[in-house]
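Report on the structure given below.
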Amino acid sequence: MSNPATPTALGVLDERPPLTFPPGFLWGAATAAYQVEGAVAEGGRGPSIWDTFSHTPGRVREGHTGDVACDHYHRLGEDVALMAELGLKSYRFSVAWPRVQPGGAGPANPAGLDFYRRLVDELLAHGIEPWLTLYHWDLPQPLEDAGGWPARDTAGRFADYTALVADALGDRVRYWTTLNEPWCSAFLGYGSGAHAPGRSDGADAVRAGHHLMLGHGLAVQALRAARPEAQVGVTVNLYPVTPATDTPGDRDAARRIDALANRFFLDPLLRGAYPADLLADLRQVTDFGHVRDGDLAVIASPLDLVGVNYYSRHVVAAPVEGVAPEPYWRSPSCWPGSEDVRFVTRGVPVTDMNWEIDAPGLVETLRRVHEEYTDLPLYVTENGSAFVDEVVDGRVDDADRLAYFDAHLRAAHEAITAGVPLRGYFAWSLMDNFEWAWGYTKRFGMIYVDYESQARIPKSSARWYAEVIRRNGLAAE
């Protein structure tokens, strides 16, 4: 018997068995408001921390900003039509908090809510399930000026904002995500300073992480009060963390990074407590005096689902004096209390972000969440890759991205076969967009965006994904 072939940079080889996903599997794609909308000063929208950050010299590659982005604010109809052509069953988008509450408090801005009403109505008219994310990193600047996420009051303001959005859209939106990737908001935004608001303080990062989760719990309660029928979850970005060797030092390094990357959020959200070893690791950073009685019960408010964003694996090793820091997303300041842990590269294929491609890690991650934490339905709410794309004769042949999706969807199917209650998959991203501190220098989209003309060109991966959705699975190639 021949061995199954594997995806390569040239595409997907044959001799692969067809794989069918469960009936009703939710096939989608995802974006985020600041990355695609543009129109940052239209319709009453106020400034966010990403407006401020991107306009600060030296913060974003080549001085790029999200002022125009993909102009989705003005091209809503065109973009939803493209989603329908792909056959998407669901579209995961985020609501820009400063478009709804320009000052981060007070009554809703009617024009801001009207934009999202139009988007939701357009999706439903095309038979596409709206999946709404309440917070994808664009904190209103006035709230940052008042202390940002390290300040406890921000959590309460987030619950107020949630209630406004639920009142406006809850009759038509079934699926709700409170936070997207709180690790990034806390540890890149307030730890390394590589993301907005660009602050660098380990204790602030830890406080921000806690208050993000507290805001999540309060938002869950607000959604339950306003829309008891809503399906409510949270999205965490998770990584398998592997020691470089089986030595005690490397195993402890893996334990420490796993605590900060994964268990810092999974344990409070799904178990109602912080891990004891994490508290010990952070003893020199904070005494956790910001955690008040009752907080953890609020954070662990019951959910209907859990979203998992998966991109790569962390391989780590014990400290070695004098080793230079890794790229910003692995920089020491992302890891308060464990700044000296080394991140090891293994020489395996990487994406244009220099992230190692590790599809088996998706199986490992999904199984861990299910087997160690919860029986709730799981969704892969982001998974994708950046590669260098070129338009040739009006086409974009992104074979590497296609192969990446194929490998990770096969991993998702393997997880289902192993008993994981995986209910859906959202490709990141629907279209090329503003890639945060990388600006427009990295492309993750299935649809190519010419940022000068705003023309959209579906890539080979988009046409392939449309066929996957049509088949509800992966065909033998």
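The values are calculated or read from the model by the stated rules, or taken from the named source; none is laboratory data. In this text the structure is predicted, and so the values were computed from the model without any measurement. No Cβ is skipped: glycine too gets one built from the backbone with ideal geometry, and neighbour counts run over all protein chains shown. Heavy atoms of the whole protein, side chains included, go into the accessibility calculation; ligands, DNA and RNA do not. Shrake-Rupley method; radii C 1.70, N 1.55, O 1.52, S 1.80 Å.
Tabulated results
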| item | result |
| --- | --- |
| Options Asp375, Asp293, Asp389; residue that is in contact (Cβ under 8 Å) with a residue 40 or more places away in the chain, surrounded by fewer than 13 Cβ atoms within 10 Å (Cβ to Cβ) and assigned to a loop (DSSP other than H, G, I, E, B) | Asp375 |
| Restricting the range 215-253 to residues that are part of a helix (DSSP H, G or I) and among the aliphatic types (A, V, I, L, M), the residue that is most open to solvent (accessible area, probe 1.4 Å) | Ala225 |
| Pair list, Cβ < 7 Å and 6+ apart or interchain, from the range 28-41 residues that are under 14 Å from Glu382 (Cα atoms) and touching a residue at least 60 places away in the same chain (Cβ under 8 Å) to residues that are among the acidic types (Asp, Glu) and buried (at least 24 other Cβ atoms within 10 Å of the Cβ) | Ala30/Glu382 |
| Residue within the range 140-157 that is more than 28 Å from Gly193 (Cβ to Cβ), in contact (Cβ under 8 Å) with a residue 24 or more places away in the chain and touching a helix residue (DSSP H, G or I) at 6+ places or on another chain (Cβ under 8 Å) present | no |
| Qualifying positions in the range 192-218 - closer than 19 Å to Phe264 by Cα and aliphatic (A, V, I, L, M) | Ala203, Ala205, Val206, Ala208, Leu212, Met213, Leu214, Leu218 |
| Residues of the range 331-348 that turn out to be modelled with pLDDT under 95 and within 13 Å of Ala194 (Cβ to Cβ), as a count | 4 |
| Test: residue in the range 45-57 that is open to solvent by 20 Å² or more (accessible area, probe 1.4 Å) and within 21 Å of Trp428 (Cα to Cα) | no |
| Of all residues making up the range 439-476, the number that are over 18 Å from Leu402 (Cβ atoms) and open to solvent by 40 Å² or more (accessible area, probe 1.4 Å) | 7 |
| Residue in the range 319-339 that is surrounded by 14 or more Cβ atoms within 10 Å (Cβ to Cβ) and aliphatic (A, V, I, L, M) present | no |
| Candidates Leu188, Leu179, Leu143, Leu212 - the one that is among the aliphatic types (A, V, I, L, M), crowded, with 24+ Cβ neighbours inside 10 Å and assigned to a strand (DSSP E or B) | Leu179 |
| Tally of residues being of a type in the set (A, V, I, L, M, F, W, C) and part of a loop (DSSP other than H, G, I, E, B) across the range 336-372 | 7 |
| Condition check for Gly127: crowded, with 19+ Cβ neighbours inside 10 Å and touching a residue at least 40 places away in the same chain (Cβ under 8 Å) | no |
| Some residue of the range 345-361 being among the aliphatic types (A, V, I, L, M), in contact with a strand residue (DSSP E or B) (Cβ under 9 Å, 6 or more places away or on another chain) and touching a residue at least 24 places away in the same chain (Cβ under 8 Å) | yes |
| Residue tally, condition over 16 Å from Tyr311 (Cα atoms) and touching a residue at least 60 places away in the same chain (Cβ under 8 Å), over the range 399-421 | 3 |
| Hits in the range 310-330 (condition: among the β-branched types (Val, Ile, Thr) and either outside any loop (DSSP other than H, G, I, E, B) or at pLDDT 90 or above (or both)) | Val315, Val316 |
